[in-house]
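What follows draws every value from the coordinates through simple rules; no lab data is involved. These figures come from a predicted structure and were not determined experimentally. Neighbour counts run over all protein chains shown; Cβ positions are idealised from the backbone, glycine included.
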Amino acid sequence: MSDKNNPEYLNPYDLGKYWENRLKSGFDIVAVGHPLFNHRYNEYMYKLQLLVLRDVLKKYGISSGGKKVLDVGCGTGVFSGFYLRNSAQVTGIDITTTSIEKLRKSLPDGKFITMDISADFAANKEYFENQFDIINILNVIFHIVDDMRFERALGNMAACLKEGGYLLISDYFGDEDIVAAPNTKLRGLNRYNILELKGIKVLDVIPIYFLMNRRLNLLPYSINNLISPLLVAFDYIITKLKWPKGNNIKLLIGRKQS
């Protein structure tokens, strides 16, 4: 049974309405992050994601300078801003008009369009097909809980990617799917087999979080919020040491084959 006092609750889950309401209530990283933690904790979560993202781009020799980047689910612009600062040509798409209107003002060097990656792309085919060197979809795809729309989203991104281009996706990538909330379906790695059928080879799956992104047992949220810098340092060290993959959110790197 769903808990109506939980800020994640919305039933039935209307993807556009849910995110529009969250972003209108406060256009900041808490609105697009983990609502049970404070702004500082969410800020450190994004810092860790950016650290891992930088390492991945460096590992695979991916330079964003002058490249065309599609930031799917651009939200408050954390990743769009990162790519713009690194001289990329950024197109951000988001299901909410709030996000697009705000980012057009705050990040004028990018292009921002209201669009649903899980919808039919036919009307936008010429603009998007085979156009992007990098597609970034972090913190987004596990909120597409409908399996048909999930598969359509993967197909749309594969169509948008140039040959030799890179796809970066964050998800659970464990052994099985986990329905964590009405708006969150974490999927196992086998659900991404469709990428191979679309011409995208999975190169690696790298952990982002180990202790972050969850409440530590026996500790109240206030303590979790307080020790967020230590959790980031611990998680990043584990990632650098290439310890076991863990049971948390990871980053998948795929490349479209010629």
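Determine, for each peptide in 238-247, 140-149, the mean count of other beta carbons within 10 angstrom over its residues, then list the peptides with the highest first.
140-149, 238-247
Counting only other residues whose beta carbon sits under 9 Å from that of Gly77, what net charge do I get with K and R as +1, D and E as -1?
Its environment carries a net charge of 0.
I'd like to compare 192-201, 63-72: which one has the highest average count of other Cβ atoms within 10 Å, and what's the full order after that?
Top to bottom by mean Cβ count within 10 Å: 63-72, 192-201.
Kirkwood Rh and Cα-based Rg: tell me the resulting Rg over Rh for segment 108-193, rounded to two decimals.
Across segment 108-193, the Cα-based Rg/Rh ratio is 0.98.
So for the chain, averaging the separation of alpha carbon pairs under 8 Å that are six or more residues apart and normalising by length, what relative contact order in percent results?
Here the relative contact order equals 19 percent.
Within segment 163-184, name every residue whose backbone N is under 13 Å away from a label modeled 7 Å from Cα of Asp147 along the Cβ vector.
177-179
Between segment 175-213 and segment 147-168, what is the C-alpha centre distance in whole Å?
Cα centroid of segment 175-213 versus Cα centroid of segment 147-168: 14 Å apart.
For segment 114-258, what does the relative contact order come out to in percent, with C-alpha contacts under 8 Å and a separation of six or more?
29
I'd like the FRET efficiency for Arg40 and Arg214, computed as 1/(1 + (r/R0)^6) with the beta carbon distance as r and R0 of 25 Å, rounded to 0.05.
0.95
How would you rank Arg215, Arg85, going from fewest to most other Cβ atoms within 10 Å of each one's own Cβ?
Arg85, Arg215
Between Asp55 and Ile113, what is the label-to-label distance in nm when each label sits 7 Å out along the Cα-to-Cβ direction?
In this crude label model, Asp55 to Ile113 measures out at 3.4 nm.
Give me Ile178, Ile117, Ile100, Ile249 sorted ascending by neighbouring Cβ count inside 10 Å, so fewest comes first.
Fewest to most other Cβ atoms nearby, the residues stand as Ile178, Ile100, Ile249, Ile117.
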